[in-house]
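Asks: Take a look at this one; I'll ask things after.
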Amino acid sequence: MEEGEDTLFGLLARIGRPVPDHRPWPRHVTDRAGWLTLIENLGVADWSLLGLWGEPAAVHAALRAEAAGEVAVISLPCPEGRFPSLSAVRPAAIRLERAACDLFGLTAEGISDDRPWLDHGHWGVRHPLADAPEQGATAVPYPFLKAEGHGLHQIPVGPVHAGIIEPGHFRFTANGETVVRLEERLGYVHKGLEGLMRGKTPTDAARIVARLSGDSTVAHSIAFAQAVEAALGVDIPPRAVWLRALMAELERVANHLGDIGAVCNDAAFSFLLAELGQLRELVLRAADSCFGHRLMMDRVVPGGVALDIAETGPKRLFDLTAELRRRFAPLVAVYDGKASLQDRTLSTGIVTTGLAARFGAGGFVGRASGRGLDARKAPGYAPYIELEFEVPVLTEGDVNARLWIRIREVEQSLSLIDQILRRMPGVPRGPDGITPPPLASMPAGRGGEGMALVESFRGEILTWVRVDADGTIGRCHPRDPSWFQWPLLEAAIEGNIVADFPLCNKSFNCSYSGHDL
Amino acid sequence: MFKHILRSLTGGPVTEASPGPSETALAELAGRVDRASKARLGRSLSIRQVDAGSCNGCELEIHALNNPVYDVERFGIRFVASPRHADVLLVTGPVTRNMADALRRTWEATPDPKWVVACGACAIDGGVFAGSYACVGAVEAVLPVDLRIPGCPPRPAELLAGLLALLERNATAP
Ligand code: SF4
């Protein structure tokens, strides 16, 4: 086969050697020459970047060939602390490479932007996750990109914003009302999560990753659990698989309902926020009564789930989906029928299909811009392979399209909840009548590497984990979908008026905490 | 749409009865509130929420306070956009080192008298993030804290009980 026509697996086999005990997809270790060949191939192939993360002396990139359905990790040892940057061929790599530099001291050679990203100079230490972190650090001014021209002015916003939202800094350059450039500066809520997970048992580390992004706690917990289970070759009880999906769909519905209302509120239509806020509350209360926590935090654990659904749960959830269907449809009709509202959302904050594809954006941001990927379908995982649902796709890429994707996803998730309730395997009763929670025990004294792709309400989460031989976490990298959506917000707002920024921002609703780690 | 409004008008409020103020929260507060400020504040409280590194879970529940089911405004509790308008800073998160400055400056921008409420496990003692190179830990390590509302995240009813304690203490002052 000629160069440039390789399949992803074909290329990796040519440039690297496979690592044993990496599941469910292969990982290959290459050398500098192989890495450069990879970059060359990325220039012509349409493989998407799923993630990029560092280790003290290595860098890893996860890639996917969408058409062939191939997913793989490629690793480059970098004992000198340098590696050739992927950013020229995959711009989504830029911030990930800047983060790898901040945390591990790995230099991406040839990166177009070498400013620090997560490190603001306040940690008292540089490269905290490197083998030998440098003590002491001072904050240096952060040079924002320049936009020069007649009549341009800058508007700095944040990190503390005007509402009840997460902190981050936005630097607008505007010409009158029109935004010429937006530059994001993130990292304010960097908590050192990856460092905290090191050396913990999977069960303890799960409590940390469950707090990476509170609105996606279920999805991140599932991704971490699946990665650990893959690494250790653990089969979990079938009922746990279904209970996880049930929680994941409840989480998706709750977030979409709240956000659809909030987007409309940012267009000064508070009626829908009030109505949809009530529906969201119904979901959280149902989650509370079924699983004992409104956000279902710490319910998904490596090996299965921490507790079974309350006995009254299934009935309550059937009632919930019926009530939501009854009350949601008329509210959608209100949105659809309000010209003054759509005046704000139509053709506002457009992300072109080309840009969404270039950044590999997933979730409703990607799907509103023609990118119909959904980890529940491809690569797919249990129990979704057995369930019927559609993945809505639009191409307009504006606030309105992102809203409609979320409306359709609410409908699909309600159907999924019903299907799951109907088809979930029954409670296995022990001989003494006691019902054990659907939870497999974790093997001790065994290591391995695993990864998982799981669809959160925002999009696809990639979690990669290495469990050391002593059974503790050696390295875990949870990559929130926000990494590939934040950069698109900068593009979406260009040419819009400053006053439409809250609307655009809410229609993305990227996670700060999930991104900042 | 008009059908909806009609139904909302005739259907009665969806808002729930308020929970009682929490005793422990009240007790914690008692020693700290100064007389003059009590008189000045009366029965309304303006809150500026500051996310100092939260996972966003606490914010979700604080948001819920504003939905029609909890409707916190009926108690005279309002969330305001600027610390300059605030009586209370409601702080969440394990105070990341990257946010510590902004938190301090927000506090400085808040006029006296002011109260700081540490909301959630992270704000109280760092939660699961305690000990990280990137976190200061408890809000108390950065600002004087007047009230703690435990939980991960606290439920809206628990938030409400905590805030009501703050309010009741003010209202009953001479
Ligand atoms: S207390 Fe819990 S919910 Fe609140 S910020 Fe911390 S981890 Fe998140």
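The values are calculated or read from the model by the stated rules, or taken from the named source; none is laboratory data. Here the structure is a predicted model, which means the values were calculated and not measured. Positions of Cβ are backbone-derived with ideal geometry, glycine not excepted, and every protein chain shown enters the neighbour counts. Each accessible area value is taken on the protein alone, full model and side chains, heavy atoms only, with ligands, DNA and RNA left out. Shrake-Rupley method; radii C 1.70, N 1.55, O 1.52, S 1.80 Å.
Asks: Being in contact with a helix residue (DSSP H, G or I) (Cβ under 8 Å, 6 or more places away or on another chain), within 11 Å of the ligand (Cβ to nearest atom) and open to solvent by 10 Å² or more (accessible area, probe 1.4 Å) is the filter here; which residues of region B:125-147 pass it?
Replies: B:G127, B:V128, listed by residue number.
Asks: With the checklist (1) at pLDDT 95 or above; (2) more than 20 Å from A:A287 (Cα to Cα) in hand, flag the one item A:Q419 doesn't pass.
Replies: A:Q419 satisfies every listed condition except (2).
Asks: Name the single residue, out of those in region B:71-81 being over 21 Å from B:A118 (Cβ atoms) and out of contact with any His (no Cβ under 9 Å at 6 or more places or on another chain), that is nearest to the other protein chains (Cβ to nearest Cβ).
Replies: Initial filter on region B:71-81 (over 21 Å from B:A118 (Cβ atoms)): B:71, B:73-74, B:76, B:81.
Restricting the remaining residues to those that are out of contact with any His (no Cβ under 9 Å at 6 or more places or on another chain) gives B:71, B:73-74, B:76.
Details: B:D71: 10, B:E73: 12, B:R74: 14, B:G76: 18 Å.
Top of the filtered list is B:D71.
Asks: Then there's this: Does A:L63 satisfy the condition of being open to solvent by less than 30 Å² (accessible area, probe 1.4 Å), assigned by TED's automatic domain parsing to the domain that holds A:R95 and over 29 Å from A:A469 (Cα atoms)?
Replies: Judged against the criteria, A:L63 is not a match.
Asks: Please find, among A:V218, A:V253, A:V241, the residue that is more than 24 Å from A:H477 (Cα to Cα) and in the same structural domain as A:N505 (by TED's automatic domain parsing).
Replies: A:V253
Asks: Which one is farthest from the ligand (Cβ to nearest atom) among residues in region B:148-164 that are surrounded by fewer than 24 Cβ atoms within 10 Å (Cβ to Cβ) and more than 28 Å from A:G195 (Cα to Cα)?
Replies: Going through the qualifying residues, I end up with B:L164.
Asks: Suppose we keep only residues that are surrounded by 24 or more Cβ atoms within 10 Å (Cβ to Cβ) and touching an Asp or Glu at 6+ places or on another chain (Cβ under 7 Å) within region A:346-362. Which one would you say is farthest from A:F501 (Cα to Cα)?
Replies: A:G362
Asks: Quick check on region B:107-124: of everything there that is without any contact (Cβ under 8 Å) to a residue 60 or more places away in the chain and open to solvent by 10 Å² or more (accessible area, probe 1.4 Å), which residue is farthest from the ligand (Cβ to nearest atom)?
Replies: If we take residues in region B:107-124 being without any contact (Cβ under 8 Å) to a residue 60 or more places away in the chain and open to solvent by 10 Å² or more (accessible area, probe 1.4 Å), then B:P111 is farthest from the ligand (Cβ to nearest atom).
Here is a yes/no grid of residues against (1) among the aliphatic types (A, V, I, L, M); (2) within 10 Å of chain B (Cβ to nearest Cβ):
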{"position": "A:G163", "(1), (2)": "no, yes"}
{"position": "A:R171", "(1), (2)": "no, no"}
{"position": "A:G176", "(1), (2)": "no, no"}
{"position": "A:V179", "(1), (2)": "yes, no"}
{"position": "A:G187", "(1), (2)": "no, yes"}
{"position": "A:K191", "(1), (2)": "no, yes"}
{"position": "A:T201", "(1), (2)": "no, no"}
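Asks: Would you check if B:D87 is touching a Leu at 6+ places or on another chain (Cβ under 6 Å), away from the ligand (no atom under 16 Å from the Cβ) and away from every other protein chain (no Cβ under 12 Å)? Break it down into steps so the answer makes sense when it comes.
Replies: On the way: touching a Leu at 6+ places or on another chain (Cβ under 6 Å): yes; away from the ligand (no atom under 16 Å from the Cβ): yes; away from every other protein chain (no Cβ under 12 Å): yes.
Yes; evaluated as a whole, the condition is true for this residue.
Asks: Which of the residues that make up region A:483-517 are of a type in the set (D, E, K, R), farther than 20 Å from A:W404 by Cα and away from chain B (no Cβ under 14 Å)?
Replies: Once the filter is applied, which keeps residues that are of a type in the set (D, E, K, R), farther than 20 Å from A:W404 by Cα and away from chain B (no Cβ under 14 Å), region A:483-517 yields A:E490, A:E494.
Asks: Just checking, which of A:L295, A:L320, A:L284, A:L331 is more than 16 Å from the ligand (Cβ to nearest atom), of a type in the set (A, V, I, L, M, F, W, C) and modelled with pLDDT of 95 or more?
Replies: Working: A:L295 fails: more than 16 Å from the ligand (Cβ to nearest atom); A:L284 fails: more than 16 Å from the ligand (Cβ to nearest atom); A:L331 fails: modelled with pLDDT of 95 or more.
When all the criteria are applied, what remains is A:L320.
Asks: Can you find a residue in region A:70-83 that is assigned to a loop (DSSP other than H, G, I, E, B), open to solvent by 50 Å² or more (accessible area, probe 1.4 Å) and touching a residue at least 12 places away in the same chain (Cβ under 8 Å)?
Replies: yes
Asks: Right, another one. Taking the residues in region A:374-409 that are assigned to a loop (DSSP other than H, G, I, E, B), among the charged types (D, E, K, R) and under 29 Å from A:L488 (Cβ atoms) as candidates, determine which candidate is most open to solvent (accessible area, probe 1.4 Å).
Replies: From region A:374-409, those assigned to a loop (DSSP other than H, G, I, E, B) are A:374-375, A:381-383, A:387-398; that's our starting set.
Going one step further and asking which of them are among the charged types (D, E, K, R), we end up with A:374, A:388, A:390, A:396, A:398.
Filter once more, so that each one left must be under 29 Å from A:L488 (Cβ atoms): A:374, A:390, A:396, A:398.
Numbers: A:D374: 5, A:E390: 128, A:E396: 105, A:D398: 8 Å².
Per the stated criteria, the residue is A:E390.
Asks: Next question, about the same structure. Are any of the residues in region B:2-24 more than 16 Å from the ligand (Cβ to nearest atom), at pLDDT 90 or above and within 10 Å of another protein chain (Cβ to nearest Cβ)? Walk me through how you get there before you give the answer.
Replies: So the first thing to find is which residues in region B:2-24 are more than 16 Å from the ligand (Cβ to nearest atom), and the list is B:2-24.
Going one step further and asking which of them are at pLDDT 90 or above, we end up with none.
Checked region B:2-24: no residue is more than 16 Å from the ligand (Cβ to nearest atom), at pLDDT 90 or above and within 10 Å of another protein chain (Cβ to nearest Cβ).
Asks: A follow-up question, please. Test of understanding: among A:E323, A:E311, which residue is open to solvent by 10 Å² or more (accessible area, probe 1.4 Å) and in contact (Cβ under 8 Å) with a residue 24 or more places away in the chain?
Replies: Values: A:E311 fails: in contact (Cβ under 8 Å) with a residue 24 or more places away in the chain.
None of the other options fit; the residue is A:E323.
Asks: If a residue counts only when it is open to solvent by less than 20 Å² (accessible area, probe 1.4 Å), which strands (runs of 3 or more DSSP E) contained entirely in region A:143-256 have at least 3 such residues? Show your work before the answer.
Replies: Numbers: elements: A:152-157, A:169-175, A:178-185.
Where strands (runs of 3 or more DSSP E) fall fully within region A:143-256 and carry at least 3 residues being open to solvent by less than 20 Å² (accessible area, probe 1.4 Å), they are A:169-175, A:178-185.
Asks: Next question. Can you find a residue in region A:442-451 that is open to solvent by 10 Å² or more (accessible area, probe 1.4 Å), touching a Pro at 6+ places or on another chain (Cβ under 7 Å) and either outside the structural domain of A:I350 (by TED's automatic domain parsing) or not β-branched (V, I, T) (or both)?
Replies: yes
Asks: I need every pair where a residue in region B:93-106 that is more than 7 Å from chain A (Cβ to nearest Cβ) has its Cβ under 8 Å from the Cβ of a residue that is away from the ligand (no atom under 16 Å from the Cβ) and open to solvent by less than 10 Å² (accessible area, probe 1.4 Å), sequence separation at least 6 or different chains.
Replies: From residues that are more than 7 Å from chain A (Cβ to nearest Cβ), the pairs are B:L103/B:L143; B:R104/B:L143.
Asks: OK, next. Select from region B:41-70 the residues that are assigned to a strand (DSSP E or B) and facing chain A (nearest Cβ under 7 Å) and write down the one among them that is surrounded by the fewest Cβ atoms within 10 Å (Cβ to Cβ). First the steps, then the outcome.
Replies: Taking region B:41-70 and keeping what is assigned to a strand (DSSP E or B), we get B:45-51.
Restricting the remaining residues to those that are facing chain A (nearest Cβ under 7 Å) gives B:49-51.
Values: B:Q49: 25, B:V50: 31, B:D51: 32.
If we take residues in region B:41-70 being assigned to a strand (DSSP E or B) and facing chain A (nearest Cβ under 7 Å), then B:Q49 is surrounded by the fewest Cβ atoms within 10 Å (Cβ to Cβ).
Asks: Output the number of the condition that B:H63 fails; it satisfies all remaining conditions of (1) within 14 Å of the ligand (Cβ to nearest atom); (2) in contact (Cβ under 8 Å) with a residue 12 or more places away in the chain.
Replies: Only one criterion in (1) within 14 Å of the ligand (Cβ to nearest atom); (2) in contact (Cβ under 8 Å) with a residue 12 or more places away in the chain is unmet by B:H63, namely (2).
Asks: Now for a different question. Take the residues in region A:259-281 that are open to solvent by 10 Å² or more (accessible area, probe 1.4 Å) and of a type in the set (D, E, K, R); name whichever of them is modelled with the lowest pLDDT.
Replies: Ranking the qualifying residues of region A:259-281, first place goes to A:D266.
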